[in-house]
Every structure is written in structure tokens, then in C-alpha cells.
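What follows is a short report on a single structure.
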Amino acid sequence: MTQDQETQQVNGTSPDAVPVAGEDPDMSRILRRETHSSRAGAASIAAVLVIVLCVYALLEAGVRAIGQPPWLINPSTAAERIIALPDGISPLLLGASGAVIAMVGLFFLLHAVLPGRRARHLLRDPRTAVVVDDEVLASALARRARTAANVTPEQVMVVVSRQLVVVNVRPTSGSRVSEEAVLTAVQAELEEMSPVPMPAVRVNLATSGVIGA
């Protein structure tokens, strides 16, 4: 029995109950910041736009209240023109303005709705939180796959996403590559690393081989 296990039994906890990366409540906020993109930029832009529009509307209303000419356009005139749309404006300009507004709205909508996950995974560790880029996982899995397939690095390409690992292998002409062996090797490597969430593995063998590799 190790010292850590003895300490856990003294404290009344089981060794199997040790929190892993991403499951310790004290680390949740840090891990979410590392695995999700920040919404601060989009929120700041939206806030600045709203503030600028409100300040401009307030200034125009104040100028009109004291009987001075408007800075840019009279609020009542602007409202009348908006109500009269599409009269008084060319279809090309109207379409371009609508497209710009739609793109801006879509930008903020996607930032609000989508989870904004970064290309990263958590690794299970009982003592600390480990965050690794998907490119690092792909590199490690590619080394394991090319060893199992007995091919060169240029003949293996691995793509890692949140829920799936795709291993593309181009075998050497005249040599047979076992898809099952590559799949087993990659799955074993994943089990050793224990990423969270654990992605599924799919192996694709190219129909055409590489000559002279």
C-alpha cells in the first residue's frame, strides 16, 4: 500500500474516489477557461455598440429639445425613413446593408449559442489538471499508428476532434497493413493517456499504396 493510499484511508476516502482532471469542483472554473474560448471580446463589442447608439440617440434628443439643428439626422426623420423602407433607397444599397446587419447578428448569435470549445482535451490525473492540445494527441497517436502499420510518418495522418479520432493510413505497395492492429494500437494509446472526453477511433486504409516507401 502506497503512502497516498494510506493517507486516503486515514481521511476516510477510497483510493478509487480520487478526483481526476475535470471532475474536481475546485478546478472546474480553471479548466473551463482553458478548454473554452472567452466570450469577453464579443460581449465588449456588443456593449460598446449599444452604448454608442444610446449616447448618440440621447444627444440628438437633447439637441432637438433645445431647438438646435441635428448633428447627423433628426430622430423623427430617421424613424420615418425606416418605416418607409424600401422606398427612397436603391435595392443594391438595401441588400448590402441587410447583408452586413445579418452577418453582424449572426456573429453575435453564434458566439452566444455555440459552446466555443477549443481543440483541447483533459487528461486524467489524480493530483493536477492536465490540458493538452488535440495536435499533441494526434502526434502521439500517429507515432503509435505508424509503428503498428510499419510505415513512414508521411503515410499516416491523424485528425483528433472532441468525440472522434480519424487515422488515415496509406500502406506501402506490396505490404499488407492490418486495420485491426492499427485500431488496437491507437485505442491502447488512448487508454494510457485517458483523455476526457474519450473519443472513438476510426481507421481508414487507402486503396492505393505508396511506391518505394
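The values are calculated or read from the model by the stated rules, or taken from the named source; none is laboratory data. Not measured: the values here are computed from a predicted model. As a convention, Cβ positions derive from the backbone with ideal geometry for all residues, glycine included, and neighbour counts pool all protein chains shown. Calculation scope for accessible area: heavy atoms of the full protein, side chains included, ligands and nucleic acids excluded. Shrake-Rupley method; radii C 1.70, N 1.55, O 1.52, S 1.80 Å.
The residue list 172, 161, 203 was ranked by how far each Cα lies along the charge dipole of region 122-205 toward its positive end, using unit charges on Cβ atoms, and 172 comes out on top.
Based on the Cβ-Cβ distance of residue 90 and residue 37, what FRET efficiency does E = 1/(1 + (r/R0)^6) give at R0 = 41 Å, to the nearest 0.05? The partial results should precede the final answer.
Values: r = 39 Å, r/R0 = 0.95.
Taking R0 as 41 Å, the efficiency between residue 90 and residue 37 is 0.60.
A protection proxy built from the mean count of other Cβ atoms within 10 Å ranks the segments 40-51, 140-151, most packed first, as 140-151, 40-51. Each of 103, 198 has its accessible area taken with a 1.4 Å probe; listed largest first, they run 103, 198.
With Cα atoms as the point set, the radius of gyration and Dmax of region 139-182 evaluate to 10.3, 35 Å. Note on residue 152: accessible area approximately 50 square angstrom, rounded to 10, probe 1.4 Å, nucleic acids and ligands left out. What base-10 log of the normalised intensity I(q)/I(0) is obtained for region 122-205 from the Debye formula, alpha carbons as equal point scatterers, at q = 0.14, 0.19, 0.25, 0.26 Å⁻¹? Computed log10 I(q)/I(0) values: -0.44, -0.75, -1.19, -1.27.
If you take all other residues with their beta carbon under 11 Å from the beta carbon of residue 184, and give Lys and Arg +1 and Asp and Glu -1, the sum is -3. On a C-alpha basis, how far is the centre of region 143-178 from the centre of region 31-104 in Å? Whole number, if you could? Rounded to whole Å, the Cα centres lie 53 Å apart. Other residues whose C-beta falls under 12 angstrom from the C-beta of residue 158 contribute a net charge of +1, scoring Lys and Arg +1 and Asp and Glu -1. With a 1.4 Å probe rolled over the protein heavy atoms of all chains, the accessible area of 94, 106 falls in the order 106, 94, largest first. Computed over all pairs of different Cα atoms, the Kirkwood value for the hydrodynamic radius of region 41-113 is 14.6 Å.
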